[in-house]
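To keep things clear, I will list the structure first and then write my remarks on it.
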Amino acid sequence: MNQDEEKRKAAHAAMRYVEPGMVVGVGTGSTVAHFIDALAERRHDIAGAVSSSQWSTQRLKERGIEVLDLNTTGDLPLYVDGADECDDQRCLIKGGGAALTREKIVAAAARQFVCVIDASKRVEVLGRFPLPVEVIPMARSLVARAIVKLGGQPVWRDGVVTDNGNWILDVHNLRISQPVELERELNQIAGVVCVGLFAARRADVVLIGDQVMG
Ligand code: 5RP
């Protein structure tokens, strides 16, 4: 099975978690694109969606799904999103699409986080995929120097501005064996808006194609 077909299968498998009347939290990326398409077929059956990016908002609206404000919905029953890497503990690296901050917010609001990936995303130790860190633009260099002291190699994703008007550093050379601790440590650097490590709030269920990761 090719990678895109596996992503599509995972997205369709995630529809099993969608129940009538739900407000569904929706992530960002090519796997989620399949999920939005599947969700559109049940748009009259759900109360709407909370989106994690401008890109997803546009796709949801184009398919007739109402996009709701998280400030009015309260907690969500379900969040469905992809990932760039996933370890055996369901800790994730996310942010390849630069949507990590809003993704983390919607994930934090959700009682269940279903992560949809293809098999290439599963790793023993996180860090082969460069870790995205969203930073306030004026702090880019300050944050980069702090990350170098921690052993990472930050590379500015030049030309990319997030939905929140910030910049992204992609941190290479990390072997993340203690994701909760590293997430906490990076969060403490002044100027860091969000770290693409989803460890404190990790996935509850990971679907690789249509199989639940054991
Ligand atoms: C966007 C993300 C995506 O979930 C991640 O990049 C995976 O994307 P794809 O489903 O296209 O492989 O974190 O910020």
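The values are calculated or read from the model by the stated rules, or taken from the named source; none is laboratory data. Model, not experiment: these values are computed from the prediction. Positions of Cβ are backbone-derived with ideal geometry, glycine not excepted, and every protein chain shown enters the neighbour counts. What goes into the accessible areas is simple: the full protein's heavy atoms, side chains included, and nothing from ligands, DNA or RNA. Shrake-Rupley method; radii C 1.70, N 1.55, O 1.52, S 1.80 Å.
Things to note:
- Set side by side, the residues Val192, Val180 differ, and just one is open to solvent by 30 Å² or more (accessible area, probe 1.4 Å) and within 19 Å of Lys104 (Cβ to Cβ), which is Val180.
- The condition (being aliphatic (A, V, I, L, M), touching a Gly at 6+ places or on another chain (Cβ under 9 Å) and either assigned to a loop (DSSP other than H, G, I, E, B) or within 27 Å of Arg8 (Cα to Cα) (or both)) is satisfied by just one residue among Leu174, Leu207: Leu174.
- Residue within segment 55-63 that is open to solvent by less than 10 Å² (accessible area, probe 1.4 Å), near the ligand (Cβ under 9 Å from one of its atoms) and either touching a residue at least 12 places away in the same chain (Cβ under 8 Å) or hydrophobic (A, V, I, L, M, F, W, C) (or both) present: no
- Residues located in segment 177-204, provided they are free of Cβ contacts under 8 Å to residues at least 60 places away in the same chain and assigned to a strand (DSSP E or B): Val192
- Single condition Arg90 does not satisfy, out of (1) among the basic types (Lys, Arg); (2) within 16 Å of the ligand (Cβ to nearest atom); (3) part of a helix (DSSP H, G or I): (3)
- In segment 10-54, the residues that are touching a residue at least 40 places away in the same chain (Cβ under 8 Å), open to solvent by 70 Å² or more (accessible area, probe 1.4 Å) and either among the charged types (D, E, K, R) or away from the ligand (no atom under 16 Å from the Cβ) (or both): Glu19
- Top-ranked residue in segment 100-118 [being open to solvent by 10 Å² or more (accessible area, probe 1.4 Å) and either outside the structural domain of Asp37 (by TED's automatic domain parsing) or within 12 Å of the ligand (Cβ to nearest atom) (or both); ranked as nearest to Val180 (Cα to Cα)]: Lys104
Residue-wise test of (1) more than 20 Å from the chain's Cα centre (by Cα); (2) among the aliphatic types (A, V, I, L, M); (3) part of a loop (DSSP other than H, G, I, E, B).
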{"site": "Glu6", "(1), (2), (3)": "no, no, no"}
{"site": "Thr31", "(1), (2), (3)": "no, no, no"}
{"site": "Arg42", "(1), (2), (3)": "yes, no, yes"}
{"site": "Ala49", "(1), (2), (3)": "no, yes, no"}
{"site": "Trp55", "(1), (2), (3)": "no, no, no"}
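- Condition broken by Gly214, with the remaining ones in (1) within 16 Å of the ligand (Cβ to nearest atom); (2) part of a loop (DSSP other than H, G, I, E, B); (3) open to solvent by 50 Å² or more (accessible area, probe 1.4 Å) satisfied: (1)
- With respect to being open to solvent by less than 40 Å² (accessible area, probe 1.4 Å), within 12 Å of the ligand (Cβ to nearest atom), within 22 Å of Gln3 (Cβ to Cβ) and touching a residue at least 60 places away in the same chain (Cβ under 8 Å), Glu134 falls outside the description.
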